[in-house]
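One structure is given here, and the rest of the page talks about it.
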Amino acid sequence: MQQPQLLHEEKVFKDPVHRYIHVREKLIWDLINSPEFQRLRRIRQLGTSFFTFHGGEHSRFNHSLGVYEIMRRILETFEGRIHLSYEEKLLCLCAALLHDVGHGPFSHSFEKVFRYHHEDWTRAILLGDTQINRILRRMGDDFPKRVEEVIAKTYDNKLIVSLISSQIDADRMDYLLRDAYYTGVNYGNFEIERILRVMRPHEDGIVFKFSGMHAVEDYIMSRYQMYWQVYFHPVTRSAEVVLRKIFQRAKELFAQGYSFAQEPVLLLPFLTDKVSLSDYLSLDESVILFYMQMWRKESDPILKDLCARFLDRNLFKYVEYNPRDYRLLAELKEEFQAAGIDPMYYLEVDTTSDLPYDFYRAGEEEERIPIMLLMPSGELVELSQRSEIVEAISGKRRFDYKLYFPMDKVLALPEDVSGKIRERLGVMEDA
């Protein structure tokens, strides 16, 4: 049995959300100071949301520390209620700390264009030739693999998995509170202290005392509001559309043999689809922003325009879009093309959807573990059966469709052409 390897003196991080983040284990401290984890300082937690909420500049580094701290507090709450060995507790803490270590710059936009998944890179960092892997192996050669399995939700102890991946877990609780704090909204706030007090370990997962149901309801509604008011904000999505188009244009130009004035050396592995782990770890948002600054001076008019738009926040406008109205989209593409505005880069339908809460449905591709309430009798009851609020939104996926385009380019067209396009878009003036 592994003996605790504690620091000579506890380390603390001052944190605006949790007040203090406590580190006692040397292994955790060394993981935090690894280059792969420090890289997360240079990757924003909220991607392009800073264009909408100027305070939303926080990084995946401080979110990861926050998830670790919530996990540490959960384990303290479970003391005396369940027996976890020191190694199992450390497994929980490591998984919480490292769950996002594979994220790249502007993660989701970058992933869509270059077709990779950050989960695969998390696995590569944990199991590959990295300092994180070497630190984890101090707990045994199989320990990195066990951490990876917890994060991937394949670990055999479902209780441990549920603490980091479920409909109410350490990850979600931190990002809701943290993102609400930094964006300056109130939607994401909920009583985390109360939730931690009523959380109980139970066989293959966590359950919540019935007396704490209202705190859980508050959490569910906070998540619902944050997705639609912050994460899916149309201005944030506009920035993501422009960002995707930048990557798409750079990729197409490279494929055509275009000679960049500033060769994108650090992006070449992604443009050639030959990415090593060291290539991936060399990339962060400062690198992407540097290339954008260079590309705004390129001779290609589309690439330089898109980069200038992103850097100067001259984003696309949007209108509501009905996905059944495909003829309108086809006609608009033809009119954009005829007017000299490339619809491949300047006319984009963006779709978002969210399922705020769901109960277990046999055979569903995406298995969702329901939130269970522990009744005074000891019986377990699924949350939506007792909560009218949660029942009202359970299993109901909401979709939103918007059509994005550059209003300034449309307004610059001859009046008759511009007026026709704006009439089709349902926008008669620059709103």
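Relative to the longest principal axis of the Cα atoms of the chain, the long axis of helix 118-127 lies at roughly 50 degrees. Here the dipole of the range 301-393 is about 360 debye; that uses its Cα centre as origin and unit charges on the Cβ of Lys and Arg (positive) and Asp and Glu (negative).
Surface composition of the chain: carbon and sulfur atoms hold 47% of the protein heavy-atom accessible area at a 1.4 Å probe. Length gained on full extension, Tyr326 to Ser85: 81.0 nm, using 0.36 nm per residue less the C-alpha separation. Binning all Cα-Cα separations of the range 77-182 at 10 Å, short to long from zero, yields these whole-percent fractions: 14, 41, 35, 10, 1. Charges were assigned to the Cβ only: +1 to each Lys and Arg, -1 to each Asp and Glu. The resulting dipole of the range 133-191 about its Cα centre is roughly 240 debye.
Holding the Cα-Cα limit at 22 Å, pick out from Lys26/Lys145; Lys304/Lys420; Lys153/Lys396; Lys26/Lys153; Lys26/Lys158 the pairs that are longer than that. Listed pairs above 22 Å: Lys304/Lys420; Lys153/Lys396; Lys26/Lys153; Lys26/Lys158. Glu9 contributes about 130 Å² of solvent-accessible surface, heavy atoms of the protein only, 1.4 Å probe.
For the chain, the residue among Ile160, Ser222, Phe50 whose Cα projects farthest onto the positive side of the dipole built from Cβ charges is Phe50. Applied to the range 199-210, the Karplus parametrisation 6.51 cos²θ - 1.76 cosθ + 1.60 on θ = phi - 60° returns per-residue 3J(HN,Hα) values of 7, 9, x, 8, 6, 8, x, 9, 10, 10, 4, 4 Hz, with x for Gly and Pro. With θ taken as phi - 60° and the Karplus curve 6.51 cos²θ - 1.76 cosθ + 1.60 applied, the whole-hertz 3J(HN,Hα) list for the range 152-159 is 7, 6, 10, 5, 6, 8, 5, 4 Hz, x standing for glycine and proline.
Lysines near Lys297 by alpha-carbon distance under 25 Å, same-chain residues fewer than 8 away left out - which ones? Of all the lysines, those that pass the test against Lys297 - Cα under 25 Å, at least 8 places apart if same chain - are Lys245, Lys251, Lys317, Lys409.
Between Gln385 and Lys297, what's the calculated FRET efficiency when r is the beta-carbon distance and R0 is 56 Å? Round to 0.05. It comes out at approximately 0.40. Ratio of Rg to Rh for the chain: 1.00 [Cα atoms; Kirkwood radius as inverse mean 1/r over pairs]. A straight line joining the Cα centroids of the range 55-95 and the range 219-271 runs 31 Å. For the chain, a crude dipole built from +1 on the beta carbon of Lys and Arg and -1 on the beta carbon of Asp and Glu, taken about the Cα centre, is about 600 debye to the nearest 20. Protein-only accessible surface at a 1.4 angstrom probe places the residues His202, His58 in the order His202, His58, largest first.
Across the range 380-390, coupling constants 3J(HN,Hα) worked out from phi with the 6.51/-1.76/1.60 Karplus curve, θ = phi - 60°, read 9, 10, 5, 3, 5, 6, 10, 10, 5, 5, 5 Hz, and Gly and Pro carry x.
The values are calculated or read from the model by the stated rules, or taken from the named source; none is laboratory data. On a predicted model such as this, the values are computed, not experimentally measured, just so you know. Counting neighbours? That spans all protein chains shown, and the Cβs are built from the backbone with ideal geometry, glycine included. Note: accessible area is taken over every heavy atom of the protein model, side chains too, but ligands, DNA and RNA are not part of it. Shrake-Rupley method; radii C 1.70, N 1.55, O 1.52, S 1.80 Å.
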